[in-house]
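S.K.: I have a structure here, written as structure tokens, and I will follow up with some questions on it.
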Amino acid sequence: MSLWLTLAVNSFALGGLLFLLSAGFSLIFGLMRIPNLMHGSFFMLGAYFGVTLLSQGVNFWLAALGSGLLTALLGGLIERFLLRRLEGQVLPQVLLTLGFAFIIGDVCLMIWTGDPWQPPTPAHLQGAVQVAGLFFPIYRLVILAVAVVIAVALWILVDWTRLGAMIRAGVDDPPIARVVGIRVSQLFTLVFSLGAALAAFAGVMGAPYLSVYPGLDFEMLPLALIVVILGGTGSLLGALVGSFIIGFLYNFGQAMFPDLAYVILFLPMLLVLVLRPQGLFGKVVA
């Protein structure tokens with residue numbers, strides 16, 4: 001029982017981290033129709049920014065916000081000056097974002113070397129909570145709590161604010177949205193920057209949990225892709241539910257069936273693609 005409870009808590013923590021990563025990917029891919037294959041690189045780059053700021057004595061939360069802003073700036077520049085020229089061209093977008101993923105990986109390797117970095121858990125988040133004789137790390141519970149708060153904030157932003165209404169209008173019918181005065185291009189840059197910031201923030205949150213090392217980007221990207229395909233593109237609820245499903249499958253699969261861990265991880269995605277291509281919570285596009 002203790003093993004199952006420990007795996008469950010770890011799965012919730014990993015699911016929360018995956019939501020922070022996949023929520024931005026879902027916004028970019030679901031709303032803007034951009035297959036952003038450098039999203040895992042934003043995660044890794046944000047983590048490197050974060051550990052650098054932490055090594056200079058910056059507060060953990062300020063480091064997370066600062067790395068998110070820096071990565072958002074980079075993402076906004078890429079969208080504004082490069083991806084915008086390839087609007088509606090899926091294959092060139094795939095090649096461009098994949099190329100940037102390799103570039104960011106090499107730049108990180110050049111600056112931060114190939115040694116893994118693992119910052120300590122913040123002092124105020126160290127320790128564990130005892131429940132029924134079992135100890136659960138506070139930091140992993142905090143990751144879960146932060147993911148829930150951000151999920152609610154994104155839901156309010158997209159579904160209940162004027163900005164969210166303008167974004168949805170720009171996605172559904174860009175020409176009409178421009179006619180009524182909505183600056184669609186600026187909104188798309190904002191959405192792309194927000195997605196990059198969320199990925200970077202997730203990278204800093206995950207650094208004490210996963211550590212940071214070359215190749216982390218291409219380890220996290222497939223998980224984000226699975227989550228978005230499973231939950232449905234453009235659906236925040238789908239990203240949230242899919243993240244926890246993949247978190248549980250990943251942790252329990254690695255512990256119980258290590259030889260079949262990746263089969264257990266990818267099989268639900270294959271079933272969804274065959275039986276419900278729009279995902280669990282996605283909508284059928286006419």
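The values are calculated or read from the model by the stated rules, or taken from the named source; none is laboratory data. Here the structure is a predicted model, which means the values were calculated and not measured. Here Cβ is always computed from backbone atoms with ideal geometry, including for glycine, and neighbour counts include all displayed protein chains. Please note that ligands, DNA and RNA were not included when accessible areas were found on the heavy atoms of the full protein model with its side chains. Shrake-Rupley method; radii C 1.70, N 1.55, O 1.52, S 1.80 Å.
S.K.: Residues VAL191, VAL142: which one is within 22 Å of the chain's Cα centre (by Cα) and free of Cβ contacts under 8 Å to residues at least 24 places away in the same chain?
M.R.: Numbers: VAL191 fails: free of Cβ contacts under 8 Å to residues at least 24 places away in the same chain.
Being within 22 Å of the chain's Cα centre (by Cα) and free of Cβ contacts under 8 Å to residues at least 24 places away in the same chain holds for just one of VAL191, VAL142, which is VAL142.
S.K.: Helices (runs of 4 or more DSSP H) wholly in the range 181-286 with at least 3 residues that are of a type in the set (A, V, I, L, M) and crowded, with 22+ Cβ neighbours inside 10 Å - which ones? Steps first, please.
M.R.: On the way: elements: 184-210, 216-231, 236-256, 261-275.
Hits in the range 181-286: 184-210, 216-231, 236-256.
S.K.: Restricting to helices (runs of 4 or more DSSP H) lying wholly in the range 39-139: which have 1 or more residues that are closer than 13 Å to ALA200 by Cβ and open to solvent by 70 Å² or more (accessible area, probe 1.4 Å)? Reasoning before the result, please.
M.R.: Working: elements: 39-55, 60-81, 90-112.
Where helices (runs of 4 or more DSSP H) fall fully within the range 39-139 and carry at least 1 residues being closer than 13 Å to ALA200 by Cβ and open to solvent by 70 Å² or more (accessible area, probe 1.4 Å), they are 60-81.
S.K.: Further, regarding this structure: Which residues, taken from the range 159-180, are aliphatic (A, V, I, L, M) and either more than 25 Å from MET38 (Cβ to Cβ) or open to solvent by 40 Å² or more (accessible area, probe 1.4 Å) (or both)? Spell out how you get there, then give the answer.
M.R.: Step one: of the range 159-180, the residues aliphatic (A, V, I, L, M) are 163, 165-167, 169, 171, 176-177, 179-180.
Hits for the range 159-180 are LEU163, ALA165, MET166, ALA169, ILE176, ALA177, VAL179, VAL180.
S.K.: I've got another one for you. Out of TRP155, TRP117, which single residue is in contact with a strand residue (DSSP E or B) (Cβ under 8 Å, 6 or more places away or on another chain) and under 30 Å from ASN251 (Cα atoms)? Even if it seems obvious, please write down each step before you answer.
M.R.: Values: TRP155 fails: in contact with a strand residue (DSSP E or B) (Cβ under 8 Å, 6 or more places away or on another chain).
Result of the check over TRP155, TRP117: TRP117.
S.K.: Let me ask something additional. I'd like the full set of residues that are under 16 Å from GLU219 (Cα atoms) and of a type in the set (Val, Ile, Thr), limited to the range 241-261.
M.R.: ILE246
S.K.: Within the range 250-268, identify whether any single residue is in contact (Cβ under 8 Å) with a residue 12 or more places away in the chain and within 14 Å of GLY232 (Cβ to Cβ), and answer yes or no. Steps first, answer last, please.
M.R.: Keep residues of the range 250-268 that are in contact (Cβ under 8 Å) with a residue 12 or more places away in the chain, which gives 250-253, 255, 264-266, 268.
When the remaining residues are screened for being within 14 Å of GLY232 (Cβ to Cβ), the result is 268.
Yes.
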